[in-house]
Amino acid sequence: IAYQHLFWFTFHPEVYVLVIPAIGMMYEIIPRFSRKPIFSQSSGIFAFVMLSIVSFSSWAHHMYSTGMSFTEKTVFMVGTLAAVPASAMHVFNFLATMWGGRIKFATPMMWSVGGIALFFSAGAGGVANSAMPFDFITHDSYWVVGHFHLFVMGTIAFGSIGFLYYMFPFITGRMYNENLGKVHFIMSFIGAVMVFFTQHILGLYGMPRRVYDYQPYPIYITLNEIASIGAMIIGISMGLWIYNMIRSASSGPKA
């Protein structure tokens, strides 16, 4: 139990270490392609500080099933829920910035807006999972796998990839192929929904994580096939991205 506390005290904030820069990248992209200044810089900074603090105060929500007292669990449940208003500030900031703006849905903007949608979805799953009774159902199931990876893929990867598209002309002096970039986004978004939303449902059906194979129940087979197809779609889209970057860096139109 002591090892688990040490582990999660380190690696719960580690997720926030990744997500905070990705959100910062969206703060660069969304005002630019909305052609408006950010709605509220001060609330965004406050939300970053809040997330940094909360990331260290909610580590044991990974440990509800270890036999902690009800009081301890309640403290960590409240600490987890404290991340909700901080995350919501960012989402509100982004939506308020876009509201009434002259939005240009270039590739970086598409990735950022998709990242906001999946960030909201992943956060909603986290809010549900912070409730102790529900966590006892989903603990060590594929619900948790879906929640975590929806965060990593849907927020961190989407924000970072959008920012790489945004920085590409500055770095190389050339433009990428805009149509390929949009196809890359659409395929990745569809694939992410197919993989990670399906994993949430698998968790509710009781499929455990950390096993090398699953029981051949018809519902497991069908849902895992859907998730596998989604993963293949993501893989193909990433191949398109690499092709786009390499070709555009050498022969794309000058920025």
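Treating the beta-carbon of each Lys and Arg as +1 and of each Asp and Glu as -1, no other charges, what is the dipole magnitude of the chain about its Cα centre, to the nearest 20 debye?
The dipole magnitude comes to about 1000 debye.
Put +1 on the Cβ of every Lys and Arg and -1 on every Asp and Glu Cβ in the chain; which of Asn177, Gly230, Ala192 then has its Cα farthest towards the positive end of the dipole?
Asn177
Output the relative contact order of the chain, whole-number percent, from Cα pairs under 8 angstrom with separation of 6+ residues.
Here the relative contact order equals 21 percent.
Which percent of the Cα-Cα distances in the chain go past 30 Å?
Pairs farther apart than 30 Å: 34 percent.
Can you give me the relative contact order of the range 1-80 as a percent, contacts being Cα pairs under 8 Å and 6 or more apart?
40
Let me spell out the model: positive unit charges on the Cβ of Lys and Arg, negative unit charges on the Cβ of Asp and Glu, origin at the Cα centre of the range 1-108. What dipole size does that give, in debye rounded to 20?
Computed about the Cα centre, the dipole is about 580 debye.
Below 13 Å, Cα to Cα, which aspartates and glutamates can Lys104 reach? Residues fewer than 8 away in the same chain don't count.
Glu178
Putting +1 on Lys and Arg Cβ atoms and -1 on Asp and Glu Cβ atoms, find which of Ala82, Pro133, Ser40 reaches farthest to the positive end of the dipole of the range 1-137.
Ser40
Report the net charge of residues surrounding Met110, where surrounding means a beta-carbon distance below 12 angstrom and charges are Lys +1, Arg +1, Asp -1, Glu -1.
With Lys, Arg at +1 and Asp, Glu at -1, the net is +1.
In the range 89-174, which chymotrypsin sites (Phe, Trp or Tyr not before Pro) fall in coil by DSSP and have 13 or fewer other Cβ atoms within 10 Å?
Answer by residue number: Trp99, Phe105.
So for the range 166-255, averaging the separation of alpha carbon pairs under 8 Å that are six or more residues apart and normalising by length, what relative contact order in percent results?
For the range 166-255, the relative contact order is 54 percent.
Which whole-number value in Å² is the accessible area per residue of the range 25-168, probe 1.4 Å?
Using a 1.4 Å probe on heavy atoms only, each residue of the range 25-168 averages 43 Å².
What is the magnitude of the charge dipole of the range 74-222 about its Cα centre, with +1 placed on the Cβ of each Lys and Arg, -1 on the Cβ of each Asp and Glu, and no other charges, expressed in debye to the nearest 20?
440
Would you grab the residues whose amide H sits under 5 Å from the one on Ala131? Only those 5+ places off in sequence or on another chain, please, with H modelled 1.01 Å from N.
Under 5 Å from the amide H of Ala131: no residue qualifies.
Rounded to a whole number, what is D in µm²/s for the range 1-116 from Stokes-Einstein with the Kirkwood radius over alpha-carbon pairs (10 °C, 1.306 mPa s)?
Estimated via Stokes-Einstein, D reaches 102 µm²/s.
Please sort through the DSSP H helices of the chain and keep those with an alpha-carbon extent of at least 27 Å along the long axis and a Kyte-Doolittle average not below 0.0.
2-34, 107-129, 218-251
The values are calculated or read from the model by the stated rules, or taken from the named source; none is laboratory data. On a predicted model such as this, the values are computed, not experimentally measured, just so you know. Here the Cβ is made from the backbone with ideal geometry for all residues, glycine too, and neighbour counts use every protein chain on show. For accessibility, only protein heavy atoms count, side chains too; no ligands or nucleic acids. Shrake-Rupley method; radii C 1.70, N 1.55, O 1.52, S 1.80 Å.
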